[in-house]
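S.K.: Quick one: the structure is below, questions incoming.
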Amino acid sequence: QEVSGDPSAGTAGAGKPQVWVRVFPERKPVVLTGLELGTCTTKWTTDYLSQAEGPKEVKIHVSAVPQMDFLSKNFVYRTLPFDVFVRRAAEVKHKEYFLTEDEKYYLRSVGEDVRKDIADIRKQFPVLAEDVHIPEYFEKEQFFSSVFRISSAGLQLWTHYDVMDNFLIQVTGKKRVVLYSPRDAPYLYLSGTKSEVLDVDNPDLEKYPLFVKAKRYQCVLGAGDVLFIPALWFHNVISEEFGVALNVFWKHLPAESYDKTDTYGNKDPMAASRAIQILDRALKTLEELPEEYRDFYARRMVLRIQEKAYRNDYG
């Protein structure tokens, strides 16, 4: 299936990393269909999910509005037994609720100790893990995490990028995913790894006028579809139906490139973090100059960065 606006597309292949690199050398998003994902695509009904993992407690996001904003934290964290949570997330209107009767629920699995442990479905949801076959497009030693996700219908997650390659495996339900190239970062009004533009379908162009320059890519994932999201590609995910998904992240760069304290997979590579710190110090030094000189040398710095670091062949 095509990612709209993007020529990259594909179906299930031999499943080996070297094949992946050869078939998709441009490192663009692509939807893979027909992959063998295990029995999860047929077994994971609401009833089965509830019974499989039972009443173990899970920490969830609860929002009174469909568009969740990580920057303003327009949601609250609550804890529910997993079986209760699944049934609530599948509802449109709730008899029992925390904020409003039409509140939205979102589960993003984490490790036992979020400061030390990664999300791994085999550890946090071992019964459900037995039903899943993860596509083998990377070597076992590259594996970083497998994040189990459940979303209410209508929930929209903030636009962000991850620093590792990942598969978004849509097990049940339907999602719409809007993506933007790393090259369009200047138009996305970033705060760290996240964009301030929440409503990508109807953006506030008075507040975010440059957003119109960002080229939009889009795809719709149905049950059994897998979206490859390359590292640094921005993505905004809308759950059009109640659904269950699994994100699998792996280390595309050498292992030593990544921050060892990063359990979420969203901290910039070590070299990038150091470069940003050096840049901040350089900008601080420029403040010693009068405004006219500061402006001139800042522009020279930008030109030097473009000359030394920008790719000329970046599509």
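S.K.: Using Cα atoms only, what is the angle between the long axis of helix 270-286 and the major principal axis of the chain, expressed in degrees (0 to 90) to the nearest 10?
M.R.: Taking Cα atoms only, the helix is inclined about 40 degrees.
S.K.: Rank 303, 118, 128 by how far each Cα sits towards the positive end of the charge dipole of the chain (+1 on Lys, Arg Cβ; -1 on Asp, Glu Cβ) and give me just the farthest.
M.R.: 303
S.K.: Next up: Give a residue-ordered list of calculated ³J(HN,Hα) values for segment 112-124 (Karplus: 6.51 cos²θ - 1.76 cosθ + 1.60, θ = phi - 60°; whole Hz; x for Gly, Pro).
M.R.: 3J(HN,Hα) across segment 112-124, in whole Hz: 4, 10, 4, 7, 10, 10, 7, 6, 8, 4, 5, 9, 7.
S.K.: Dipole of the chain (Lys/Arg Cβ +1, Asp/Glu Cβ -1, origin at the Cα centre): which of 32, 107, 285 lies farthest to the positive side?
M.R.: Looking along the dipole axis, the top candidate is 285.
S.K.: For residue 261, what charge total do you get from the other residues with a beta carbon under 10 Å from its beta carbon, if Lys and Arg give +1 and Asp and Glu give -1?
M.R.: On the way: positive: 115, 116, 260, 267; negative: 259, 262.
Taking every Cβ under 10 Å from that of residue 261, the sum is +2.
S.K.: For segment 104-111, what does the Karplus curve 6.51 cos²θ - 1.76 cosθ + 1.60, with θ = phi - 60°, yield as ³J(HN,Hα) per residue in whole Hz, taken in order and with x for Gly and Pro?
M.R.: Result, ordered by residue: 9, 10, 8, 10, 10, 5, 9, x Hz.
S.K.: Could you report the accessible area of residue 278 in Å², rounded to 10, computed with a 1.4 Å probe on the protein chains as they sit in the structure?
M.R.: 100 Å²
S.K.: Find out how many positive minus negative residues lie around residue 132, taking Lys and Arg as positive, Asp and Glu as negative, among other residues whose Cβ is under 15 Å from that of residue 132.
M.R.: Numbers: positive: 43, 122, 123, 149; negative: 36, 53, 120, 130, 131, 136, 225.
Once positives and negatives cancel, what remains is -3.
S.K.: Next question. In whole Å, how far is the Cα centre of segment 55-124 from that of segment 236-315?
M.R.: When both Cα centres are located, 30 Å separates them.
S.K.: Using only the Cα atoms, work out Rg/Rh for segment 172-265, with Rh taken as the Kirkwood radius, to two decimals. Walk me through the numbers before you get to the answer.
M.R.: Details: Rg = 15.1 Å, Rh = 15.1 Å.
Here the Rg-to-Rh quotient is 1.00.
S.K.: Scanning the chain for trypsin sites (Lys or Arg not before Pro) in DSSP loops with at most 13 other Cβ atoms within 10 Å, what's the longest stretch left with none? If you can, show how the numbers build up before the last one.
M.R.: Working: sites that count: 56, 73, 93, 95, 115, 116, 207, 215, 260, 311.
Answer - 117-206.
S.K.: First check a/c for segment 82-207, with a ≥ b ≥ c the square roots of the eigenvalues of its C-alpha gyration tensor; if it is under 1.5, answer rounded, and if not, answer prolate when a/b is larger than b/c or oblate otherwise.
M.R.: Numbers: a/c = 1.94, a/b = 1.09, b/c = 1.77.
Oblate, since a/c reaches 1.5 and b/c is not below a/b.
S.K.: Continuing with this model, one more query. Loop only per DSSP, at most 15 neighbouring Cβ atoms within 10 Å: give me the GluC sites (Glu not before Pro) in segment 131-211, ordered by residue number.
M.R.: Numbers: sites: 136, 139, 141, 196, 206; in loops: 136, 139, 196, 206.
For GluC sites (Glu not before Pro) across segment 131-211 that sit outside H, G, I, E and B with at most 15 neighbouring Cβ atoms in 10 Å, the list reads 136, 139, 206.
S.K.: Give me a comma-separated list of calculated 3J(HN,Hα) values for segment 91-102, in order, Karplus coefficients 6.51, -1.76, 1.60 applied at θ = phi - 60°, integers in Hz, x for any Gly or Pro.
M.R.: For segment 91-102, the Karplus-derived couplings read 7, 8, 10, 10, 7, 10, 7, 9, 10, 9, 5, 10 Hz, x marking Gly and Pro.
S.K.: Rounded to the nearest 500, what is the 222 nm mean residue ellipticity of the chain from helices alone, with -39500 (n - 2.57) per DSSP H run of 4+ residues and division by all residues? Mind dumping the intermediate values first?
M.R.: Working: 8 runs with 72 residues, N = 315.
Using -39500 (n - 2.57) per qualifying helix, the result is -6500 deg cm²/dmol.
S.K.: Continuing with this model, one more query. Just how large is the dipole of segment 216-315 about the Cα centre, in debye to the nearest 20, putting +1 at every Lys and Arg Cβ and -1 at every Asp and Glu Cβ? Mind dumping the intermediate values first?
M.R.: On the way: 13 positive and 15 negative charges, 77 e Å.
Approximately 360 debye in magnitude.
S.K.: Taking amide H atoms as placed 1.01 Å from N in the peptide plane, list the residues 5 or more away in sequence, or in a different chain, whose amide H sits under 5 Å from that of residue 165.
M.R.: Hits under the 5 Å cutoff: 231, 250, 252.
S.K.: Now for a different question. Considering amide H positions built from the backbone, and no H for Pro or chain starts, which residues 5 or more places from residue 58, or on another chain, come under 5 Å of its amide H?
M.R.: Amide H neighbours of residue 58, under 5 Å, 5+ apart: 80, 82.
S.K.: From the residues 270, 186, 210, which one has its Cα farthest along the dipole of segment 163-312 in the positive direction, the dipole being from +1 and -1 charges on Cβ of Lys/Arg and Asp/Glu about the Cα centre?
M.R.: Result: 270, furthest along the dipole toward the positive end.
S.K.: Cα-based Rg (one decimal) and Dmax (whole number) for the chain, in Å?
M.R.: Just the Cα atoms of the chain yield Rg and Dmax of 20.8, 68 Å.
S.K.: Can you compute the charge dipole magnitude of the chain about its Cα centre, using +1 on each Lys and Arg Cβ and -1 on each Asp and Glu Cβ, nothing else charged? Give it in debye, rounded to the nearest 20. Let's see the in-between values first.
M.R.: Numbers: 42 positive and 46 negative charges, 93 e Å.
Taking the Cα centre of the chain as origin, the dipole is about 440 debye.
The values are calculated or read from the model by the stated rules, or taken from the named source; none is laboratory data. The structure displayed is predicted, hence computed values, not measured ones. Positions of Cβ are generated from backbone atoms using ideal geometry, with glycine treated the same way; all protein chains shown enter the neighbour counts. Note: areas computed on protein heavy atoms with side chains; ligands, DNA, RNA excluded. Shrake-Rupley method; radii C 1.70, N 1.55, O 1.52, S 1.80 Å.
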